[in-house]
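Structure first, commentary second.
FYI, it's all coordinate maths here, none of it is from the lab. For clarity, every value in this text was computed on a predicted model and none was experimentally measured. With ideal geometry, Cβ positions are generated from the backbone for all residues, glycine too; neighbour counts draw on all protein chains shown.
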Amino acid sequence: MHRILRPVAVPALVLAANTALFAAAASESPEVTLNRGLAELLSKVEGRDNKDPVELAKRVRPTLEKFFNFESLTQKAMGAGWREFSPDQKNKSVRLFSEMIIRSYTTRFDPSSRVDIQFAKASDLAPGKKEVPATARYQGKAVSVAYRVETSAGGWLVYDVIVEGVSLAGNYRAQFESIRQKGGPEAVIRSMEQKLN
């Protein structure tokens, strides 16, 4: 069973999905990209009267779809079993998993609460990949967050978020793998559909 990440992870996740909007070039440091993304994100979600999580999810999804590498995240969450998915099953899984993630976090996120995220200097993970450590403060709580980013034609894209040492993708991997071993890719897809209904 995957762990439920603490509510302070909500803005951290949503921020991660939005940061690529400001990626001017791959030469820009990921810390700068993340800081620019934070400013844009907060202008969209903070201080809103409507706290409905479904409405919030609709508000942020276009940005998430455009700038977050959900395909990479979904592949990491599915693990080695991803190669058994057909192209159509992969597309459906990316759509469902992204919606599941968005709804999960917007349900626990209060747009009227102040969010503060301080980024530290990025470290190299591999060629074209870096990790940016950060401290996120939300509703009086603070957690350690690490954004894993990779270069793309337009700049830095976030492909995973580590909250208090727990990978967002890895948080779901064991659960999905267990379901896949019992019923194949279609069983995984059905499990996600059921969570969204």
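So, counting K/R as plus one and D/E as minus one, what does the shell of residues with Cβ under 13 Å around residue 38 add up to? Each step should come with its number before you reach the end.
Working: positive: 36, 44, 114, 137; negative: 31, 40, 46, 116.
Net local charge, residue 38 excluded: 0.
GluC sites (Glu not before Pro), restricted to region 142-177: which are DSSP loop and have at most 15 other Cβ atoms within 10 Å? Mind dumping the intermediate values first?
Numbers: sites: 150, 164, 177; in loops: 164.
Sparse-neighbourhood loop GluC sites (Glu not before Pro): 164.
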